[in-house]
1. Would you be able to tell me the number of residues in the range 349-373 that are modelled with pLDDT under 90, part of a helix (DSSP H, G or I) and surrounded by fewer than 17 Cβ atoms within 10 Å (Cβ to Cβ)?
2. For the condition among the aromatic types (Phe, Trp, Tyr) and closer than 19 Å to His516 by Cα, what is the one hit in Trp72, Trp36?
3. Look through the range 443-472, keep the residues that are over 26 Å from Pro356 (Cα atoms), modelled with pLDDT of 80 or more and not small (Gly, Ala, Ser), and return whichever of them is most open to solvent (accessible area, probe 1.4 Å).
4. For the range 521-555, give me each residue that is touching a strand residue (DSSP E or B) at 6+ places or on another chain (Cβ under 6 Å) and not in a helix (DSSP H, G or I).
5. Within the group Asp77, Asp49, which residue is touching a helix residue (DSSP H, G or I) at 6+ places or on another chain (Cβ under 6 Å) and of a type in the set (D, E, K, R)?
6. Scan Leu9, Leu100 and give me the residue that is more than 22 Å from the chain's Cα centre (by Cα) and at pLDDT below 95.
7. Does Asp185 satisfy the condition of being part of a loop (DSSP other than H, G, I, E, B), open to solvent by less than 10 Å² (accessible area, probe 1.4 Å) and more than 28 Å from Ile310 (Cβ to Cβ)?
8. Going by the structure shown, is Trp379 modelled with pLDDT of 90 or more, among the hydrophobic types (A, V, I, L, M, F, W, C) and open to solvent by 30 Å² or more (accessible area, probe 1.4 Å)?
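The values are calculated or read from the model by the stated rules, or taken from the named source; none is laboratory data. Remember, it's a predicted structure, so these values are computed and weren't measured experimentally. Cβ coordinates were reconstructed from backbone atoms using ideal geometry, including for glycine residues, and neighbour counts include every protein chain displayed. For accessibility, only protein heavy atoms count, side chains too; no ligands or nucleic acids. Shrake-Rupley method; radii C 1.70, N 1.55, O 1.52, S 1.80 Å.
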Amino acid sequence: MKLSGISGLRLKEELDRRWLAGMLVFWLGVAAWFLWQRQGNIHWLVLGDTDDNMRLMQVRAWLAGQGWYDLWQYRLDPALGGFDIHWSRIVDLPIAGLILLLKPFMGVAAAEKWACGLAPLLPLVITMTGLSLIVRRLVAPQAWLLALIILMGCTSTILMYAPMRIDHHGWQLACLALTVAGLADTRRARGGATVGLSSALSLTIGLEMLPYCAMAGAIIGLRWVWDAGDARRMQVYGLSLAGGSGLGFALFASNANQVLRCDALTPVWLSVMVAAGTLLFALALLNPENRWLRLALAAAAAGVIVAGFILLFPQCLGRPEQVSDELARTWLNNVREARPIYQHSFKTGFPIAALPVIGIIGALVATWRARRSEAAVAWAAIALFTAFAAAMLLWQIRAGPAAQMLSVPGATALAWLVVPWFLGRSSMLVRVFGSVLAFLIVSGLFAGLVLPWLPADNKGGKSGPDRVAQANAACARMTSLRQLNAIPKAILFSHVDMGPRLITITHHDGVAGPYHRNGNAILDVHHAFTGPASGFRPIAARHKAQYLLICPDMAETTVYRSRSPNGFYGQLHRGQVPNWLEPVALPAKSPFRLWRIRYDLPDVPVSAPKAPPPR
């Protein structure tokens, strides 16, 4: 983007020379705005996602003395010993550190709230650094500010850094930004180390970014095939990937991840990363001059990795969660964020997909413009990454944050090219309105402006979605849940998605949570609610549940009713309450229904609706 005159030249120099300080000021401004906007969420500990609640419970357990390598959650399904969470403690560290830092000044409860508010902002500054480095290296030294402005319009991405979003997604996006920054680094050893270490860190946190890590490794290998001078980058990358993965496994792999599971950095994926890194390092040391020989060696190395994986770990050739067909059909395949973008409303999908399309176009244009320079390889990698992430949307909409973030460099390059063209026109009307309109389009910000004019999604009836959203919010509210503490601590049989929030806010224990290693408990809950009323008590008894807690109209309950209208939950919804459920009074405005389960009474069939339990 051209700046004219002496003042423009000085501004360009300052944006270049003080880019890091300027980026930190920008981050502080975003952080301050976020904290002000979400202060109510912080005060009421509004952890909107089940994983955020479970993350806090993981931190609490560790600070209370649970072992570093013990990731077991003992407050869900305690009668059967609890169940395993497949995460690592990497993301727990900043949250726990903030709690310990703030606790002497404000007490444990307030320290937890502010730790949850501040922790997601830490990976944001790393993401901003990665994107700034990318555009400084590939677009212009002053382009970092434009990239950060475009990032603010990536709604799916930026929400991963909002206060209270304490799960691992923001950290993995930060690792991905650093990975791409390493690919764009002209200093080969430093770039290889950046890609290798950021990939190892991402995999230690979780496997969600495994396809992107694999693509980064493939790009580094192909760069070496094309140019033997890139051997140094591949050497350092191979060592960093293998060594970083090994260190991550040694420091953070839980006791349960010491076995051959497929859903985390277990010995399965550790073996793959160490073998891949070692082979790439060895090939870079050989570094034959003939390009075709380098291609043959790279293909042979890839074949060895694939063949070894198939032979040694055949159990991981399917989906990494290794869930049963029934669990996949009943639960996992129906998780909303796991559905492809075309199964969501246009109003939901359009703002997510708009920027990736622009980012792909921008990256392709930049690749063509840089075709005779070393930057062309980096731009081609960004175009490939962005196209891959956009294609992933056709598999799962949860790829949206990564797709939008990866689109920022391409969109920045396009804006840096298009907007100055309008600013250079003689007509003031074209200069002002044309440049503004061009920026809104190439930055993807136009999607947010047209969103209110898009048709609403009326799927499920006019009032259905609103009623579900209201129930979801009301039953997650701290004030609603704390009312349950009026009864002595007990095991409450409730919906799968209620489990993490229930144990976070109340002193009660739950039965299930939405985690695939908890598959048996998830199926028990679904069987209990969709099966006949007579089948509920044996299932509840197995988990030693003393109470039944439901949240009418919560999203999960609509699944029970639609699948089995005459099942146990369907009967409860119609007011057909069996005699062995003893109503427990709750405050008048409570969104819950609570019963004590009587195991000592015979089962008397109920044919007519009964009055709802007292509140």
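1. 1
2. Numbers: Trp36 fails: closer than 19 Å to His516 by Cα.
Trp72 is the lone residue from the list that is among the aromatic types (Phe, Trp, Tyr) and closer than 19 Å to His516 by Cα.
3. Out of the qualifying residues, it is Gln470.
4. Within the range 521-555, Lys544, Ala545, Gln546, Tyr547, Leu548, Leu549, Ile550 meet the criteria.
5. Asp77
6. Leu9
7. Against the criterion (part of a loop (DSSP other than H, G, I, E, B), open to solvent by less than 10 Å² (accessible area, probe 1.4 Å) and more than 28 Å from Ile310 (Cβ to Cβ)), Asp185 qualifies.
8. No: the conditions fail for Trp379.
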